[in-house]
Amino acid sequence: MIELSEMIRQLRQELNTAMADGTAGPVRFELGPVEVEASVAVDREAGAGGKVRFWVVEANASGKNATSQTHRISLTLQPKLVAPDGTQRPVLIAGDEADGER
């Protein structure tokens, strides 16, 4: 399992890679909402400084994870490029066509 924040951090890195790859070609795509759905296990620490953590459950979860109570969450992320002056503009990405993609 990985933390939900790590999954989002890895997604951000993949989008950054796609943006960098797109600068070489004339065709780019504007990135719209990114919808992510994941099964998560919730872990709560007791005590005054306790916190709640969300762990993304892998498809091949071990027996220990299979018995944990999981929840399904959906996130819709709106990626924006933000300049140092705070102005925002759309994210443009590129990538290879995948089989069956329209």
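The values are calculated or read from the model by the stated rules, or taken from the named source; none is laboratory data. Keep in mind the model is a prediction, meaning the values are calculated, not measured. Cβ: placed from backbone, ideal geometry, glycine included. Neighbour counts: every protein chain shown. Heads up: the accessible areas ignore ligands, DNA and RNA and are worked out on the full protein's heavy atoms, side chains in. Shrake-Rupley method; radii C 1.70, N 1.55, O 1.52, S 1.80 Å.
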Problem - Of all residues in region 1-50 being over 17 Å from S74 (Cα atoms) and of a type in the set (D, E, K, R), the one that is most open to solvent (accessible area, probe 1.4 Å) - result: R44
Practice task
Examine region 37-52 for a residue that is touching a residue at least 40 places away in the same chain (Cβ under 8 Å) and of a type in the set (D, E, K, R), and state whether such a residue exists.
Solution key: no
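Out of all the residues in region 53-102, which are basic (K, R), within 15 Å of L31 (Cβ to Cβ) and either at pLDDT below 70 or not in a loop (DSSP other than H, G, I, E, B) (or both)?
The one that is basic (K, R), within 15 Å of L31 (Cβ to Cβ) and either at pLDDT below 70 or not in a loop (DSSP other than H, G, I, E, B) (or both): R89.
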Completion exercise
Residue pairs qualifying under the 6 Å Cβ cut-off, at least six apart or on distinct chains, with the first in region 20-36 being touching a residue at least 60 places away in the same chain (Cβ under 8 Å) and the second being open to solvent by 100 Å² or more (accessible area, probe 1.4 Å), are G22/R28
